[in-house]
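Below is one structure, written out as structure tokens, with a few remarks after it.
The values are calculated or read from the model by the stated rules, or taken from the named source; none is laboratory data. All figures in this text were calculated on a predicted structure; none of them were measured in a lab. In this analysis, Cβ positions are derived from the backbone assuming ideal geometry, glycine residues included, and neighbour counts consider all displayed protein chains.
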Amino acid sequence: MIRQQNYKNLVVSCIFSNGDITRLLEDKTILLSTLTLYGVMLMTRIQGADKVAEPVKIVLDTDIGDDIDDAYALAVLVAQKNVTLLGVTTTFGETAKRAQLTAKLLKVMGHGDVPVHAGREGVQKIREQYAWAKDYHSRSIKKEPAVEFLRKTIERNPGEVTVVAIGALTNLADLFTKYPEVKSKLKRIVIMGGAVYVGYNNQAPPVIEWNIRCDPPAAKIVYESGVPLTMAGLEATTMMQFSVEHQKRLYAHGTPTTDALAALTYLWGNNVPTLFDGVAAAWAAGVPFCDSEMRHVEVTPEGLTKFGEGKPNVEVLIHPRKEAFLEWNITTLETLK
Ligand SMILES: [Ca+2]
């Protein structure tokens, strides 16, 4: 390691300092070794990039329309060239209105062909962002309920579908209850939800997280499903504040996508979005900004997610890299139409 570090330093010197180049030229052996290592490092980076670009089929399950982070998560997902977004399902309360909002945002971003399926309707009202899409109708909003679409999509792509669940887990619980046979055909679920180390202030103790609170019995079904499960809980997400400066840099692009995100953020009504959901989206797309550990996690009747005894059932995301993640959001979203 030390040896590699020394060579790395030499590479850096080689690139940035003429004086060091002269010195290195006096020792051709070192120069050759340095260039060889530089080549190896370059190959490693290219291989890393290839790994990131691994194709992945995703269904996004979202409660878009209340907090603002779902809109950003949808946008970063469609911006990934390696992601095939097979469809979007909506969950929690007024799911049909959430479907309208989803479909309009997809259309603006140049992905109006992605099908949108509403989940089971509930009593909770969608919030202010709906005004942006209240008159929007599209054939991409399907009559087929979310659960039926999920079943059909998983059956058609056995072992290949990742569900990114960034709202209450109602649709997935309905799916597993009605069609338990699809569990073994899902590749993975990546959840934004729960907390095992911290609360919303990024300090211990963990608290009941919103998405789990909205439907604790559903969360219990999903956590106990046996499907490979990754959890972007508060310890990996609550610090992801997209500051006013970040927003100005993004909105300055003035594209239909960034204009839409600016409008939705304004309607949402607060100054600084926390991009909780985007962490799950990034991980599912193969762009990790965290480390992870396998743990056994249980859901209490109140909706607390806590460590328990037993076989590890959840890959818990930890050690988030905040600045890299926020920068990635800007550089990714500016590529959209
Ligand atoms: Ca959400």
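A few comments on the model shown:
- Meets criteria (within 30 Å of residue 259 (Cβ to Cβ) and in contact with a strand residue (DSSP E or B) (Cβ under 6 Å, 6 or more places away or on another chain)) for residue 241: yes
- The stretch 289-326, residues that are free of Cβ contacts under 8 Å to residues at least 24 places away in the same chain and either touching a helix residue (DSSP H, G or I) at 6+ places or on another chain (Cβ under 7 Å) or surrounded by 14 or more Cβ atoms within 10 Å (Cβ to Cβ) (or both): 296
- Selected residue (criterion: farthest from residue 110 (Cα to Cα)) from residues of the stretch 52-73 that are within 13 Å of the ligand (Cβ to nearest atom) and among the hydrophobic types (A, V, I, L, M, F, W, C): 68
- Of all residues in the stretch 138-160, those satisfying the criterion of being closer than 16 Å to residue 62 by Cα and among the aliphatic types (A, V, I, L, M) are 141, 146, 147, 150.
Per-residue answers, yes or no, for (1) more than 18 Å from residue 109 (Cβ to Cβ); (2) assigned by TED's automatic domain parsing to the domain that holds residue 130; (3) under 13 Å from the mean Cα position of the chain (by Cα):
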{"residue": "260", "(1), (2), (3)": "no, no, no"}
{"residue": "267", "(1), (2), (3)": "no, no, no"}
{"residue": "282", "(1), (2), (3)": "no, yes, yes"}
{"residue": "286", "(1), (2), (3)": "yes, yes, yes"}
{"residue": "289", "(1), (2), (3)": "yes, yes, yes"}
{"residue": "315", "(1), (2), (3)": "yes, yes, no"}
{"residue": "319", "(1), (2), (3)": "yes, yes, no"}
{"residue": "322", "(1), (2), (3)": "yes, yes, no"}
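- Scan of the stretch 99-115 for residues that are of a type outside the set (A, V, I, L, M, F, W, C) and not in a loop (DSSP other than H, G, I, E, B), ordered by number: 100, 102, 104, 107
- Residue match in the stretch 74-84 (condition: crowded, with 22+ Cβ neighbours inside 10 Å, within 16 Å of the ligand (Cβ to nearest atom), assigned to a helix (DSSP H, G or I) and over 14 Å from the mean Cα position of the chain (by Cα)): no
- Some residue of the stretch 150-173 being within 18 Å of residue 319 (Cα to Cα) and under 20 Å from the mean Cα position of the chain (by Cα): no
- Filter result (under 19 Å from the mean Cα position of the chain (by Cα) and either assigned to a loop (DSSP other than H, G, I, E, B) or outside the structural domain of residue 150 (by TED's automatic domain parsing) (or both)) within the stretch 86-98: 91, 92
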